[in-house]
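The structure under discussion appears below in the form of structure tokens.
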Amino acid sequence: MASNTLYSGTVVVAGATGRTGQWVVKRLQHYGVRVRVFCRDRDKALSLFGKDVECVSGLIQSATDIANAVKGCTAVISALGSGAYSGESSPGEVDRDGVIRLVDEAAKAGVKHFALVSSMAVTRWYHPLNLFAGVLLKKWDAEEHVRKVFSQADRSYTIARPGGLKDGEPLRHRLHVDTGDKLWSGWINRSDVAELLVISLWVEKAKNRTFEVINEIEENQQSLESCYSNLPE
Ligand SMILES: NC(=O)c1ccc[n+]([C@@H]2O[C@H](COP(=O)([O-])OP(=O)(O)OC[C@H]3O[C@@H](n4cnc5c(N)ncnc54)[C@H](OP(=O)(O)O)[C@@H]3O)[C@@H](O)[C@H]2O)c1
């Protein structure tokens, strides 16, 4: 692992065993940032990341488990996402209450930066995706909580609202970013969403920003830092 010169803290990744979360862990490792994985399934985390990555297992429904996971960390990146209409993995439990609990415990523990994977169209109550247990409405509630808590004092946040997610390597597309939830369609690689949130740890222009992001054209990139410079004020 490269030794880190860009960010010296420890980052908790929630939803690390998911498809975007795995990329968050990989990109943190790429930059030599210390990672702690918070997951519900330790065996899954072990099989994905091996023994060298610190892993704290627990439930997103438990404030105590979350407090244990975020203790001593400086940043949290959440790639959590619901996978069921009802029950413990529903949008209400994961996308809203899980993220809100994570935000509150992180703030209590002195975490300085919170980065969240949200979704394009999160402001549109009439979007068909809301037929899935109001998933976008739940994500909106979580976003609002992140902005409220992490815009205070010496804290910061970054919220990415990607279009449809695809698999593939990072830095293979020029990205289009916007604000105000005006985009209607588009795709982006999970790995690029991960990259954007990882660099939000040290890119000043990423602080306290909420933005939409999709692919523009296929074109190799050295860095995604310019996405943050291109964000409308
Ligand atoms: N799919 C799209 O096109 C799209 C578009 C825009 C935004 N998004 C959003 O982007 C985010 C990442 O998407 P993705 O495709 O990477 O998601 P994913 O692969 O389904 O990963 C979701 C993560 O959330 C975790 N999770 C789910 N229920 C949980 C629970 N009850 N307790 C603890 N953890 C739980 C999963 O844990 P396990 O690994 O243990 O299952 C997994 O780590 C999600 O918020 C998604 O809604 C998706």
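Return the residues of segment 178-213 that are of a type in the set (A, V, I, L, M, F, W, C), in contact with a Leu (Cβ under 6 Å, 6 or more places away or on another chain) and over 12 Å from Ile159 (Cα atoms); say none if nothing qualifies. Can you show your working first?
Pass one, segment 178-213, residues of a type in the set (A, V, I, L, M, F, W, C): 183-184, 187-188, 193-194, 196-199, 201-203, 206, 211, 213.
The next check asks that each one be in contact with a Leu (Cβ under 6 Å, 6 or more places away or on another chain); those that pass are 196, 198, 202, 211, 213.
Result: Trp202, single match.
Quick check on my filter: what residues within segment 111-159 are within 14 Å of Ser200 (Cα to Cα) and either of a type outside the set (Lys, Arg) or in a strand (DSSP E or B) (or both)? Residues satisfying the conditions are His113, Phe114, Ala115, Leu116, Val117, Phe150, Ser156, Tyr157, Thr158, Ile159.
Checking the condition within 24 Å of Ile188 (Cβ to Cβ), within 14 Å of the ligand (Cβ to nearest atom) and at pLDDT 95 or above, which residue from Arg40, Arg27 passes? Full working, then the answer.
Working: Arg40 fails: within 24 Å of Ile188 (Cβ to Cβ).
Testing whether each residue is within 24 Å of Ile188 (Cβ to Cβ), within 14 Å of the ligand (Cβ to nearest atom) and at pLDDT 95 or above leaves just Arg27.
Residues in segment 50-73 that are in a loop (DSSP other than H, G, I, E, B) and over 14 Å from Ile100 (Cα atoms): Gly50, Lys51, Asp52, Val53, Gly58, Lys71, Gly72, Cys73. Against the conditions (1) buried (at least 19 other Cβ atoms within 10 Å of the Cβ); (2) within 14 Å of the chain's Cα centre (by Cα); (3) not in a helix (DSSP H, G or I), Leu165 satisfies every one except (1). Checked against (1) within 20 Å of Val33 (Cα to Cα); (2) among the basic types (Lys, Arg); (3) outside any helix (DSSP H, G or I), Lys205 passes all but a single condition, namely (3).
Glu105: without any contact (Cβ under 8 Å) to a residue 24 or more places away in the chain and closer than 25 Å to Glu204 by Cα, yes or no?
On the way: without any contact (Cβ under 8 Å) to a residue 24 or more places away in the chain: no; closer than 25 Å to Glu204 by Cα: yes.
Against the criterion (without any contact (Cβ under 8 Å) to a residue 24 or more places away in the chain and closer than 25 Å to Glu204 by Cα), Glu105 does not qualify.
Go through the residues of segment 113-133 one by one and say whether even a single one is in contact (Cβ under 8 Å) with a residue 60 or more places away in the chain, more than 13 Å from the ligand (Cβ to nearest atom) and buried (at least 22 other Cβ atoms within 10 Å of the Cβ). Yes.
Assess whether Cys73 counts as being of a type in the set (A, V, I, L, M, F, W, C) and near the ligand (Cβ under 9 Å from one of its atoms). Please lay out each step first, then the result.
Details: of a type in the set (A, V, I, L, M, F, W, C): yes; near the ligand (Cβ under 9 Å from one of its atoms): no.
In short, no.
Applying the criterion of being buried (at least 16 other Cβ atoms within 10 Å of the Cβ) and among the hydroxyl-bearing types (Ser, Thr, Tyr) to the residues of segment 175-233, the residue that is farthest from the ligand (Cβ to nearest atom) is Tyr228.
The values are calculated or read from the model by the stated rules, or taken from the named source; none is laboratory data. Note that the structure is predicted; figures quoted are calculated from it, not measured. Because the Cβ atoms are built from the backbone with ideal geometry, glycine has one as well, and the counts that use them run over all protein chains shown.
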